[in-house]
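Q: Below you'll find the structure I mean.
The values are calculated or read from the model by the stated rules, or taken from the named source; none is laboratory data. Everything numeric here is computed off the predicted structure, so don't read it as measured data. Cβ atoms come from the backbone with ideal geometry, glycine included; neighbour counts cover every protein chain shown.
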Amino acid sequence: MNHFRARLSKGGATVLLAIFALSTAGFPAPARAQNAPATTFWFAGTRLIFDAPVALEGDVAVSIHDGGLQRLLARVGASVSYQPQQRYIVITSADRRIISFTIGDNRYSVGGVVSNAMFAPFFDGTDVIVPLYAVARALYLEPVVAGPETVFEPQIGALDVRPDGRRTIVTLHGATALRYVKASETPERLALTFSGTGSALAPNRRIGGGIDQVSVAVSGGVKNPSATVTISAPKGARHLIAISASPYEFSVAFAPPGVALDPNAPPSAAVAAAPPVAVEPPARAAAAPVAPIAPSAAPNPVPNPVPQARGTPQSGAASVTDVAVETQGGGVSVRLSIDGTATYAWHRLRDDRWYIDVANATLDGDARDERPNSPAVQSVRVRQIGTPDAPIVRVAFTLSGERRVDVTPADGSLTVAVTDGPDINLARSGNGQIGGATVAESSAQSPAGPPAEPIAPVPENTPWKFGLENGASSRTIVIDPGHGGADAGTAHNGLVEKDLTLDIALRLRTLLAQAGWNVLLTRDSDIDPVTPDLLTAFSGDGRPNASDRAYLQTRCDVANASNARMFISIHVNYADAPSVHGTTFYYSKQQDVPFAQALERGMIPLAGTQDDGVVKSNFYVIKHTSMPAVLIETGFISNPGDVRLLADPTFLQNVAAGIAAGVKSYAGALPAQSSKNDQ
Amino acid sequence: MRSQRLIALIIALAVVSFGAWWFIKGRQHGGGDSIIVYYTKIDGTTEVPWRVSLGPARDPKSIAFYAAAQALAGPSSEIEAIRFPAGTHVRAIAIDGPTVDVDLSSEVAKSAEGGLSETAEFKSLVWTLTDPKTLPGIAAVRIRVDGTRVATLPGGHFELDEPLSRSTF
């Protein structure tokens, strides 16, 4: 902060110097500088220590790199893009609002709406100084002075009301995750109390259309505020709470009588399926609104609860007899006591949520909502989900960033431990078993997956194997089952990509071999193939990611070195939006296009999936193979309809048959094998 | 008296020079007050342009930085789009002739769950930075992650070793 004191004198020479300084050196500090603010800063019960705050022009000046500011941003899920000596500072909030400041300009933009800060961001040597209060307010954090303290009070900062056909969607935007309890509820009137947050909304707002009025009342102290939001709709209306794309948002749909609150109800799927209000569970605190999945949301760790399966346990179902949540060493440990045998699968979502499902298990107790006093975990939720026929106990965490999570199964228990430290090698999923003959945890094995359907044996004279085949002819086709070994690919809904791709590849190998093709697989088991020579060669070529390239190039080399006529890489797709489904045929080189189109024509009618078309992309294995090559994303592991298909061996067989039909269409008659070395 | 006039004249010249410099800077991206940012619809292929207001900094590097940051954030949350993983931000921007070098934070690797997401995310970034009205003369985008070049991301194996252009997609 030493550069603050750029004092302007009345002398002309000084003015001149100042002008030149402005035009050459950039944007120095405002002339009036003050001392460190005589206050301490607090947020959500935690004191924020700033490295070098300076009171300035009614705001507080802090470095963009100040540890206190960085912690505050992290707590509200915001990220900053800033490059030294570059004039824009772009902050992205957790709910994707864009806040942009410009060095030397008091104005800043929040989602396109311009406001004025008390001072403009400025350079301080190689650092950049920003107005703390303006940044906070843009993130819906109101700095409230309470005696010697300044508290950044999280607020409900915005209210959106938008028509959706005949429905009306009301969305609240908060600075932090919006946790609520229902204060009162009738079909046309919903009152919710959000704990830990105040409000910047007007106390009463008349809306019109599908909503009569939204009222907000704030109570509690500055350190523990709560906001009660009451939404009133015309008589006869009904409502449905939906989950938003972000836990920082809360959405509810209102509709007049006769208008379906169903996810598939036209005109849009903005609010997904859920039971009617009358069958929702009793009011309780929830880390995220307990509701259905919005189309653009990540998979919901806590889906709508089903009626408790307690009292009517399924034959052979395990029971979760106790749930113990403990804070230890800054982390959190959740121990499930389990009576019986069960399998489990866990998943790490992209927005720092993490959940584990214990399949075929019932919860012998109430659902739990915990907010442990831990810097690593914001909330823990335990729910009974699934159906009475297939009950599942789900434990869902909202983590404070990329925290390490360890799953430890034992005979009679399962412990999930979250460590207060970053995990730089984040596994995305894993599974295992509790009780019975085995106790195992694996992040590389698949859960039960689709039942194995016998795959027709390969004709004995078919020369398939992993690796290179000398003298392969133009009768050769290489099939590449995507991923494998430690690289599981995408894994959701009990399915794992590497297993599905191998299953399809084995079926396809049989069909093509029966048609007379020489078939090479880049892998025929659960491995991620790599040629040691490539690892050595690539590690010394000065280019990045030697290991990654060696693994992928190994697959390409199986085709390139055997002079294969075609290369088919089989994959399974994923999208955040569960509504996305279908089959895509990716190509890279122009010569791939006719082959991709032939596979499209062959596979789509047999598989019955939506045709998402022939699309150009830049995937390594189709870019670095010298023959016509196509990467098929057979279906979406994130779409309920496609999941049902992918779990069905008949579908997998149809996919293989469809690809084989496409090969036949593309290649025409099998080329004559004129000699041993026919290339 | 004469010296005061001289000083005033110099000040006036300086002010005019500064104004001219500022004006020229502003013209470098076409002179508008906004840029076009693209997002990819959830079909994974369709690019949708939306207009974003631009602050006063108009030099190409600042604009490239701003545009990249906007593309990473994506459109407002109620719009269905394929987005970069939360927390992905721009670490640095450099312009080397017709190529913009974008250094992304490591959060981008979280996107690696399938071909659709990787293709769509980078398509929106490349389309944004190669829009001729936003950054004239820029035709390609080189990606770095945490300051280093990468061959691919883990899941979809979309290759990032070489500059990406609109013809990549």
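Q: Can you pull out the residues in the range A:134-143 that are in a strand (DSSP E or B), more than 17 Å from A:A217 (Cβ to Cβ) and out of contact with any Pro (no Cβ under 7 Å at 6 or more places or on another chain)?
A: Scanning the range A:134-143 gives a single hit, A:P143.
Q: Quick check on this structure: which one of A:V643, A:V580 is surrounded by 24 or more Cβ atoms within 10 Å (Cβ to Cβ) and either part of a helix (DSSP H, G or I) or within 32 Å of the chain's Cα centre (by Cα) (or both)?
A: One residue alone meets the criteria, A:V580.
Q: Residue by residue through the range B:117-156, note down the ones that are farther than 21 Å from B:P60 by Cα and touching a residue at least 24 places away in the same chain (Cβ under 8 Å).
A: Selection gives B:S117, B:E118, B:T119, B:A120, B:E121, B:V145, B:D146, B:L153, B:P154, B:G155, B:G156.
Q: Hey, among B:T99, B:T119, which residue is in contact with a Pro (Cβ under 8 Å, 6 or more places away or on another chain) and either farther than 20 Å from A:V80 by Cβ or within 9 Å of chain A (Cβ to nearest Cβ) (or both)?
A: B:T99
Q: Among the listed residues A:I169, A:I129, A:I156, which satisfies the condition of being part of a strand (DSSP E or B), surrounded by 15 or more Cβ atoms within 10 Å (Cβ to Cβ), within 14 Å of another protein chain (Cβ to nearest Cβ) and touching a strand residue (DSSP E or B) at 6+ places or on another chain (Cβ under 9 Å)?
A: A:I169 is the lone residue from the list that is part of a strand (DSSP E or B), surrounded by 15 or more Cβ atoms within 10 Å (Cβ to Cβ), within 14 Å of another protein chain (Cβ to nearest Cβ) and touching a strand residue (DSSP E or B) at 6+ places or on another chain (Cβ under 9 Å).
Q: If you check A:D59 against the conditions, is it free of Cβ contacts under 8 Å to residues at least 40 places away in the same chain, of a type outside the set (F, W, Y), under 18 Å from A:F41 (Cβ atoms) and more than 9 Å from chain B (Cβ to nearest Cβ)?
A: In short, no.
Q: Right, another one. Give me the pairs: first residue in the range B:57-71 and at the interface with chain A (Cβ under 8 Å from one of its Cβ atoms), second residue among the basic types (K, R) and surrounded by 24 or more Cβ atoms within 10 Å (Cβ to Cβ), beta-carbon distance under 8 Å, and six or more apart or on different chains, which are they?
A: From residues that are at the interface with chain A (Cβ under 8 Å from one of its Cβ atoms), the pairs are B:A57/A:R87; B:D59/A:R87; B:S62/A:R87.
Q: As an exercise: evaluate B:W127 against (1) at the interface with another protein chain (Cβ under 8 Å from one of its Cβ atoms); (2) crowded, with 18+ Cβ neighbours inside 10 Å and give the number of the one condition it does not meet.
A: Status for B:W127: all satisfied but (1).
Q: Can I ask one more? Where residues in the range B:140-164 are more than 10 Å from every other protein chain (Cβ to nearest Cβ) and more than 10 Å from the chain's Cα centre (by Cα), which of them is surrounded by the most Cβ atoms within 10 Å (Cβ to Cβ)?
A: B:I143
Q: Can you pull out every residue in the range A:78-89 that is facing another protein chain (nearest Cβ under 7 Å) and surrounded by 24 or more Cβ atoms within 10 Å (Cβ to Cβ)?
A: Residues satisfying the conditions are A:S81, A:R87, A:Y88.
Q: OK, next. For the structure I just gave you, tell me whether B:L54 is of a type in the set (A, V, I, L, M, F, W, C) and closer than 19 Å to A:G112 by Cβ.
A: So B:L54 fits the description; yes.
Q: If a residue has to be closer than 30 Å to B:E118 by Cβ and at pLDDT 85 or above to count, how many in the range A:323-376 make the cut?
A: 2
Q: Kindly list the number of the only condition in (1) surrounded by 23 or more Cβ atoms within 10 Å (Cβ to Cβ); (2) under 22 Å from B:H157 (Cα atoms) that fails for B:A67.
A: That leaves (2) as the condition not met.
Q: Still on this structure, I have one more. Tally the residues that are within 23 Å of A:R96 (Cα to Cα) and either touching a Lys or Arg at 6+ places or on another chain (Cβ under 7 Å) or surrounded by fewer than 22 Cβ atoms within 10 Å (Cβ to Cβ) (or both), restricting the search to the range A:172-200.
A: Number of matching residues: 4.
Q: Filtering the range B:34-56 down to residues that are of a type in the set (S, T, N, Q) and farther than 17 Å from A:V90 by Cα, which residue is nearest to the other protein chains (Cβ to nearest Cβ)?
A: Selected residue: B:T45.
Yes/no matrix, rows are residues, columns are (1) more than 9 Å from chain B (Cβ to nearest Cβ); (2) in contact (Cβ under 8 Å) with a residue 40 or more places away in the chain; (3) assigned to a strand (DSSP E or B):
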residue	(1), (2), (3)
A:D548	no, no, no
A:L552	no, yes, no
A:I568	yes, yes, yes
A:A575	no, yes, no
A:V593	yes, no, no
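Q: Related question: Name the residue, out of A:R97, A:R107, that is among the basic types (K, R), at the interface with chain B (Cβ under 9 Å from one of its Cβ atoms), touching a strand residue (DSSP E or B) at 6+ places or on another chain (Cβ under 8 Å) and within 19 Å of A:A175 (Cβ to Cβ).
A: Every option except A:R97 fails the conditions.
Q: Which condition number in (1) more than 12 Å from chain A (Cβ to nearest Cβ); (2) buried (at least 20 other Cβ atoms within 10 Å of the Cβ) is the one that B:G137 fails?
A: Condition (2) is where B:G137 drops out.
Q: Looking at B:G114, is it over 18 Å from B:V90 (Cα atoms) and more than 11 Å from every other protein chain (Cβ to nearest Cβ)?
A: no
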